[in-house]
Structure formats: C-alpha cells, structure tokens
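Working notes for the structure below.
We did not get these values from a lab; they are worked out from the coordinates using the rules stated. Predicted model only: the values in this text are computed from it and were never measured. Quick reminder, even Gly has a Cβ in these numbers, built from the backbone with ideal geometry, and neighbours come from all protein chains shown.
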Amino acid sequence: MSFTRQLFLVTRREVASLLCMPLYYVLCGVFFMLAALVYLQQLVVFSQGGQGTSVNATDSVVVPTFQMLHFFLLIQVPLLTMRVFAEDRSNGMLDLLQTMPARDWAVLGGKFLATFLGIAIYTTITPIFPVVTGMMTIVDWPVVIGSVIALLLSSAGYVSIGLLFSAASESQVAAAVLSYVTLFMLAFGQAFASASNVQALDDAARHFTVTEHINGLISGNIAPMNVAYFVVMAWVGLFVTARLLEARRWRST
Amino acid sequence: MQTRSLWIRAVPLFLGFVGLAMAVGLGALNGAFMTWHFAMGLLSLASIAGSLLWLREVRWRDWAASCVYTVFFLLALALAYLVSANRPQRFDLTRDGIHTLGAQTSSILRRIPAEQSARLELFVAQKDRFAAQKFLANYQRLAPQLSIDLYDPKRDLDVVSQFGGNIREGQFFLSLFDADGTMKRRTDGEISLSNGLREHVLTNAFARLLTDGKETIYWSSGLGEKRLDKTDDSLTKVAEAIAAGAVNIQEFRLMEGRIPADTAAIVIAGPRRDLSDFDFELLKNYLDEGGKLFLMLDPMFEERVPLPNFEKLVTGYGLDMPNEMIIDPLAMSATRVTTTPQAIWAKHPIALATSRVPFLLDRARPIVSQGKADPNVKLEGILVSNEQCWTEPVDSMKSFRRAIPPDDVEKVTNQILSVSVTKQTPGGRWGQRAKIVLIGDSDAFTDRQLATNGDAGAFFLQSVNWLREREDLLQIPPRFVTATPIALTTTTAWTLLGTFLLIGLLITVGGSGFAIARRRMK
C-alpha cells in the first residue's frame with residue numbers, strides 16, 4: 001500500500017473518530033460563542049468611538065478579534081490533541097497500527113491532518129465576523145485572508161506540539177497539561193523575557209515565542225520569518241513525535 | 001547495578017540541560033545571540049531528547065542514529081528559519097500600506113548621495129527597542145548608507161551626556177557625513193514608538209538633513225498682511241514649520257524696491273492694502289523672471305478697500321479673484337455661518353503629499369477662470385468647495401447666518417478655492433518656470449485655527465515646497481489609516497448577539513446530538 005493511501009486511510013479514520021466526538025462540537029460551539037462575544041465587544045466600542053481605538057474598522061475590530069481567536073485556538077488545541085495517541089494507546093489501537101505495514105509517518109501524518117482539519121473547520125467559521133463588519137463598513141479583505149491563514153498556520157504548529165505530548169505521555173491529562181505549559185510558554189514567554197530586563201534574552205524570545213510572529217501575520221504584515229516560524233514549529237513537533245513513535249517500536253522489539 | 005546504569009544514562013540528559021543553560025546564558029551575557037548559540041541550544045535539546053529515549057531503554061545504535069538524524073533535521077529547520085529571518089521581503093496586506101514606508105520616504109532617502117553617509121542615533125527604552133529596530137530596518141533597506149545606533153536613555157548615560165544630557169525616550173539625532181567622515185549637518189527630533197504616527201517625523205528629519213539651508217522665503221509685510229509675531233492671528237506656526245525644513249524665513253517690504261537674489265519664494269498673506277504701481281511692476285517682473293509667489297487674497301469685507309493691482313496681477317494669468325464671498329450652506333451645521341466653505345482636495349501634486357483631510361476656509365474669495373488660455377500658462381486646481389456653494393458680492397451679501405440661494409440655480413456649483421499657476425520663463429533669473437499658488441483666504445492658516453483645521457497646515461507647507469520646486473523633499477504629513485466608521489444601533493447589536501449565540505448553540509447541541517447518534521449507530 002502506497003504512503004499516500006496509508007495517509008488517506010488513517011486521516012479518514014481519525015476524521016470520522018473526531019466527528020463522532022461530542023466534545024468536538026462543544027468546543028466548536030464554545031469557540032464560536034466566545035469569538036462572537038469578543039467581536040461584538042470590539043464592534044460596540046469601535047462604533048461608539050471608544051478611547052484608544054483607531055478610526056479604521058479593520059484595525060480596531062477585525063484584527064483584535066482575530067488576535068483573541070488565536071488565543072482561543074491555543075486553549076482548545078490541547079483539548080483535541082490530548083486524546084489522539086493516548087486514547088489509541090489505551091485501547092491498543094496504536095500497537096495495532098504499528099504492527100500493520102503502515103509507516104510511522106503515515107500514522108502520524110494522518111492523525112495530524114485529521115486534527116488540523118478539525119481545527120481548520122473552526123477557522124473557516126471565523127470570516128463570518130469580517131463579513132458582518134463588511135456589511136456595515138469597508139474592510140481590508142487581504143488582511144482578513146492573511147489573518148485566517150495566520151490562524152491556520154498557528155493551528156498546524158499547535159496541533160503538532162499537542163501530538164508530541166500526546167505521544168510522549170501515557171495519560172490524556174498529562175498530555176493536555178504538558179501541551180498547555182509549552183504553548184503558554186511560547187505565547188507568553190516574551191512577556192517574561194521582557195520583564196527580565198536582559199536585552200539578549202528579550203531579542204531571543206522574540207524569535208522563539210509566538211507573539212511577534214502571530215501579531216505580524218494577523219495585522220497584515222506578512223514576513224517570511226513569521227510564516228517560517230509556524231512551519232518550523234509544525235515540523236519540529238511532527239519530527240520529534242515521529243522519533244517517539246519510532247522509539248516505541250524499538251522498545252517493543 | 002541497575003541504579004548505577006541509570007545514573008550513567010542520565011549524564012547526557014544532565015549535559016543537555018547544562019548545554020542549554022550555557023547557550024542561553026552566554027548569549028545573554030554576550031548581549032546578542034549568534035548562530036553558534038542557536039546551534040548549541042539545538043544540540044543540547046537533541047541530547048536531552050536522546051537521553052530521555054536512552055533512559056527508556058532504547059537500543060544504543062538506534063538511539064545514536066536517531067540522534068544524528070534528529071540533530072541534522074532540527075539544524076536544517078533552524079537554518080531555514082534563520083534564512084527566512086534575514087529575508088527583507090515584506091508583504092503589506094493593508095489598504096493604507098501602514099506597514100510600509102511611503103513613496104515620499106523612498107524618494108527622500110534616495111537623495112542621500114552615494115559618497116555620503118548618515119547616522120541615526122535614537123534613544124529608546126528597552127521595551128521599545130525591538131519595535132524601533134523593525135521600524136528602522138525599513139529605512140536601512142532603502143538607504144544602505146544609513147547606520148543606526150540605539151541607546152537606552154536610562155542606561156547609556158555616557159552617550160546621553162555627549163548629547164548634553166536631559167534626553168527623552170524617542171529623541172533622535174540624525175547626522176550627515178562626507179566621504180572623509182566629516183560631519184556636514186545634524187538635525188534632531190522626537191518620535192513616538194507607541195503608535196504608528198512616526199514615519200513623517202523621521203522622514204522630515206531626513207528632508208531637513210538633505211536641504212542645504214541656503215534658501216530664503218521672503219514674507220511680505222507693509223500692506224497689512226498677516227505677520228509672524230506669535231499672536232493668534234499671525235501665521236507663526238506655519239512659518240516655523242517651514243523653517244524646520246532648513247529654509248530661512250525673512251520678513252521684507254516690497255516697497256524696498258528690490259527682490260533679493262536668494263529668494264526661493266515670496267509669501268503675501270492676506271494684504272489689507274493694495275500694491276502700489278511700483279510694487280506691482282516689481283512683482284510682475286519677478287514673476288516674469290521665473291519667480292515664485294504664494295498669494296492669499298482675502299475678500300475685503302470689513303475694510304471694503306479694493307485691491308485692483310493684486311487683482312490685475314492675477315488677471316495676467318487668465319484668472320479673476322473678484323471681491324466676493326463664497327457661501328457654503330452646508331457649513332452652517334459646523335460653524336453656524338455660511339461663509340466658511342469646506343476646502344476639498346483636488347488631484348494636484350500638492351494634494352498628493354497630504355492626507356487630503358478637508359479643512360475650512362474663513363471668508364474666502366472665489367477664483368474664477370477667465371477662459372483665455374495662454375499656451376505658456378498651466379492652471380491646476382488644488383482646492384474646491386462642495387457643489388452646493390455660490391458666491392455673493394461683498395457689497396451686497398444676503399447670506400451670512402442664513403443661506404439664501406441665488407435665483408439662478410446654475411450659480412450653485414463647486415467653487416474654486418485654490419489654484420496653482422505655472423508659466424514657462426526660459427532663462428529667467430529666478431528659474432525656468434514662474435509658479436504661483438493662489439488662495440482666497442489667509443485666516444485658515446492662523447495660529448488660532450491651524451491646530452483644529454484639518455490639513456490646512458499641510459496645504460500651506462506643501463504649497464511652499466511646491467513653489468520651491470523641492471517636490472522630492474516635500475515635508476510629509478503623518479500617515480493616517482482610512483476612516484471606516486460603523487453606525488451600530490442597539491437593535492443591530494442585540495440582533496447580532498442573539499444570532500451568534502444561536503449559531504453557537506446550534507453547533508454545540510446539533511453537533512453533539514449528531515455525534516451521539518453516530519456512536520449509537522456504530
């Protein structure tokens with residue numbers, strides 16, 4: 001069986017499993033409602049000419065909404081990824097998959113793609129907010145498209161980190177906790193580095209942490225570095241997970 | 001035995017953590033992270049990962065191969081990131097290009113001669129350092145001769161003292177050096193890094209730096225014009241803004257009988273008395289020799305003194321400025337009088353260099369084309385009124401606090417508020433082209449009105465720059481993003497909230513029901 005076929009079968013199985021999970025829909029609904037509340041709050045403040053807001057609706061409503069959406073994604077991703085390997089391990093499916101002629105990368109890729117698709121469905125709902133704004137005023141559509149791409153890129157990175165910890169730990173709770181610790185360090189490490197008052201640490205943190213990269217992308221300033229950051233993050237997560245799966249095979253032989 | 005083996009296997013883990021701490025610590029001590037710091041950090045991480053595998057009793061050969069593979073792969077990824085981090089390309093997706101430096105900035109930076117160099121010394125707090133670096137990198141991309149030094153005003157006290165102490169955050173010094181390293185000129189300024197409105201400040205500093213300061217704008221006095229005496233009715237602020245561009249401003253009287261040789265332009269701001277015949281000839285000859293004139297001719301409302309020689313000067317270029325007043329009925333809502341027409345920008349090089357924010361004129365004289373086209377004269381509109389305006393002679397005004405439209409509805413139309421005149425004057429003493437900017441009001445630019453009057457200041461400044469033929473060094477205004485207001489009613493807000501919450505609930509309940517049903521089916 002070709003790698004593509006293996007990848008497709010694993011992805012299909014994982015997507016089906018995800019769509020049979022009530023938690024997925026609960027998370028999706030909560031994500032949407034939270035996003036709607038944030039959006040409406042920004043919209044009301046902007047329409048009333050609130051202090052500190054720009055005169056531009058894209059700057060004051062759309063961009064802050066997407067920044068918050070990114071934060072909500074960061075919270076939700078570990079809840080979806082924690083079960084991916086841990087659940088399979090507990091019910092023996094992982095052993096079954098690894099003894100089958102499926103390659104580790106096909107298993108991993110399939111699980112990654114399925115979870116990423118699940119998150120991408122969240123993300124495809126988000127343009128509803130700029131569309132509503134666009135019905136009331138002019139919106140910078142390229143910035144909106146850039147923001148959606150930013151959410152997708154960051155989701156890919158976070159999913160791979162979540163998968164890494166799901167593969168590394170025995171329990172789902174441990175996987176979620178470790179993912180949260182890592183993702184929050186990536187998200188807020190910049191603040192700690194700035195507080196340390198060490199210039200070099202601050203400079204390095206700007207490369208390693210998410211803040212600069214995601215804010216650049218969401219605000220419509222696309223730099224190769226920002227895109228590369230999330231691509232590299234996704235690859236690092238996937239690669240280390242693949243190594244963990246490989247190591248599991250060695251241990252079991 | 002087993003415990004001992006465990007300790008041995010923990011050594012790479014320990015070394016990995018030590019290596020990681022050293023990479024971060026040494027980088028921090030050095031004040032900058034080099035490539036080898038990153039490499040060391042990645043090797044340490046690989047060592048940690050590898051030893052964790054070893055601790056879990058993974059076979060040595062597999063572990064080693066995996067480690068090498070991991071290190072190379074991670075290094076390749078780190079390299080890819082570093083390469084991308086050094087790429088200067090940026091894609092600015094915003095409509096207003098807020099992440100990109102404007103075309104005028106590029107134009108001004110290109111003026112730095114290749115053999116000269118510029119140095120920017122900016123005092124910036126540590127928290128703003130990265131933002132400053134990112135912002136200034138755009139300048140460096142456009143001007144490779146520019147070197148940038150960032151200092152912390154609270155830490156780099158020796159540098160602060162070199163600049164005389166008492167340095168604020170955001171303050172900068174910009175110097176221009178000759179090829180031999182001799183400082184040619186220096187200018188300073190202050191930018192705010194907390195908001196996006198900083199490009200114009202720095203770019204204007206470059207414009208000042210590249211202006212040699214040998215030009216003089218002569219400010220006419222003696223005919224009751226607006227002065228530069230710092231009173232509310234003076235034009236001191238706009239004059240100071242011009243002077244900030246390294247141009248001398250000097251008051252002079254036409255009746256002195258000669259136009260100085262270093263005249264870049266003459267400004268006549270709202271005269272209350274007419275030119276003498278001698279002054280008229282002097283000014284006319286000056287213009288015929290390629291002179292530059294900025295003429296603000298108010299309607300003579302209180303004085304009721306005619307200004308025939310000024311009007312005759314204008315007539316010579318196919319224009320007429322009758323002693324009438326523009327009536328704008330739409331101005332009533334803002335100013336409660338009809339005599340403050342809103343000036344709307346037309347397509348003109350002067351307008352291109354501003355944010356094109358409309359501003360109000362205060363009792364404006366109309367400018368009318370006589371329709372006689374002189375092939376040597378080029379007329380271009382700079383400011384027009386809205387299409388609801390008409391004019392009334394000052395002597396028989398009917399509208400003031402109440403708009404009384406004229407019987408002839410065809411008179412209700414856009415009125416020309418400001419025009420530029422360009423006339424070819426080959427071999428002229430003051431240039432190859434005579435240039436005039438005409439506007440029927442001078443009150444809009446007074447210190448009293450300037451701060452709250454849209455782009456009135458920008459109009460004045462850019463007009464002077466256009467006259468000086470230094471379009472490439474136009475002082476640029478702050479860049480503003482397009483205003484896209486939203487009128488949100490309470491009903492709309494509640495409707496949106498209800499709809500969104502309903503959609504969210506539908507996703508949650510419907511989706512969960514679907515998932516449970518599918519599980520049961522399975």
Checklist entry - By DSSP, what percent of the beta bridges with both residues in the stretch B:99-199 are antiparallel, rounded to the nearest 5? => result 70 percent
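Assuming 0.36 nm per residue, please report the length gained on full extension of the stretch B:V412 to B:Q133 beyond their Cα-Cα distance.
Additional length available on full extension: 95.1 nm.
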Checklist entry - Any idea what log10 I(q)/I(0) is at q = 0.16 Å⁻¹ for the stretch B:408-449, Debye with uniform C-alpha scatterers and no solvent? => result -0.68
Checklist entry - Taking the simple approach of a point 7 Å from Cα along Cα-to-Cβ for both B:A10 and B:Q89, what is their distance in nm? => result 5.0 nm
Checklist outcome for this item: Taking every residue of B:80-93, the Cβ atoms of other protein chains inside 10 Å of its Cβ average out to 6
Checklist outcome for this item: Computed from the beta carbon distance with a Förster radius of 35 Å, FRET efficiency for B:R141 and B:D232 to the nearest 0.05 stands at 0.20
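How well do other chains shield peptide A:235-243, expressed as the mean number of their Cβ atoms within 10 Å of each residue Cβ?
Working: counts 5, 8, 0, 0, 5, 6, 0, 4, 9.
For this peptide, the per-residue mean of nearby foreign Cβ atoms is 4.
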Item to check | Most to least packed among B:308-317, A:140-149 [average Cβ atoms within 10 Å] | outcome: A:140-149, B:308-317
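Go through the stretch B:342-433 and name the GluC sites (Glu not before Pro) that are in a DSSP coil and have 16 or fewer other Cβ atoms within 10 Å of their Cβ.
Listed in order of number, the matching sites are B:E387.
Calculate the mean, over all residues of peptide B:38-49, of how many other protein chain Cβ atoms lie within 10 angstrom of the residue's Cβ. All intermediate terms of the calculation are to be shown ahead of the outcome.
On the way: counts 3, 0, 0, 2, 1, 0, 0, 2, 2, 0, 0, 4.
Whole-number average of other-chain Cβ neighbours for B:38-49 is 1.
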Checklist entry - Got a sec? How would A:Y229, A:Y25, A:Y180 order by Cβ neighbour count within 10 Å, fewest to most? => result A:Y180, A:Y25, A:Y229
Checklist entry - When the Karplus curve 6.51 cos²θ - 1.76 cosθ + 1.60 is applied with θ = phi - 60°, which whole-Hz ³J(HN,Hα) does each residue of the stretch B:516-522 get, with x for Gly and Pro? => result 5, 4, 5, 4, 5, 4, 5
Checklist entry - Using the C-alpha gyration tensor of chain B, what are the square roots of 5 times its eigenvalues, in whole angstrom, with the largest one first? => result 64, 34, 19
Item to check | Percentage of interatomic Cα-Cα distances in the stretch B:372-514 larger than 25 Å | outcome: 60 percent
Checklist outcome for this item: For B:L360, other-chain or 5+-apart residues with amide H closer than 5 Å (H placed, Pro excluded) are B:A343
Checklist entry - Which whole number in µm²/s is D for the stretch B:216-473 by Stokes-Einstein, with the Kirkwood Rh taken over Cα pairs at 37 °C and 0.692 mPa s? => result 179 µm²/s
Checklist entry - Under the Karplus relation 6.51 cos²θ - 1.76 cosθ + 1.60, θ = phi - 60°, what is the ordered set of whole-Hz ³J(HN,Hα) values for the stretch B:82-96, x standing for Gly and Pro? => result 4, 4, 5, 5, 8, 7, x, 4, 9, 10, 8, 8, 7, 4, 8
Next on the checklist: Just to verify a number: FRET efficiency for B:D149 and B:T452, C-beta to C-beta distance, R0 = 56 Å, to 0.05?
Outcome noted: 0.90
Checklist entry - For B:Q162 and B:K312 in the same chain, what is the full-extension length gain: residue separation times 0.36 nm, less their Cα-Cα distance, in nm? => result 48.3 nm
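In the protein assembly as shown, what percentage of the DSSP-assigned beta bridges are antiparallel, given to the nearest 5?
60 percent
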Next on the checklist: Under 8 Å for C-alpha pairs, at least 6 residues apart: give me the relative contact order for chain B, rounded to a whole percent.
Outcome noted: 12 percent
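Could you list A:D202, A:D59, A:D95, B:D152 so that the one with the fewest beta carbons within 10 Å of its beta carbon is first and the one with the most is last?
Exposure proxy ranking, most exposed first: A:D95, B:D152, A:D202, A:D59.
Suppose the chain between B:D288 and B:V357 were pulled fully straight at 0.36 nm per residue; how much longer would it get relative to their current alpha carbon spacing?
21.5 nm
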Checklist entry - Can you list the residues of the stretch B:303-318 with backbone N under 14 Å from a point 7 Å past the Cα of B:D277, pointing along Cα to Cβ? => result B:309
Checklist outcome for this item: Neighbour-count ranking for B:F445, B:F38, A:F129, B:F301 (other C-beta within 10 angstrom, fewest to most) reads B:F301, B:F38, A:F129, B:F445
Checklist entry - For the stretch B:216-473, what is the relative contact order in percent, using Cα pairs closer than 8 Å and at least 6 residues apart in sequence? => result 24 percent
Next on the checklist: Return the equivalent ellipsoid semi-axes of the protein assembly as shown as a descending list in whole Å, where each equals the square root of 5 times an eigenvalue of the C-alpha gyration tensor.
Outcome noted: 67, 33, 19
Next on the checklist: Using Cα-Cα distances under 8 Å and only pairs 6 or more residues apart, what relative contact order does chain A have, in percent?
Outcome noted: 25 percent
Item to check | lysines whose Cα lies under 29 Å from that of A:K111, excluding same-chain neighbours fewer than 8 positions away | outcome: B:K522
Checklist outcome for this item: In nm, the gap between the two label points placed 7 Å beyond Cα toward Cβ at B:Q126 and B:A39 is 2.9 nm
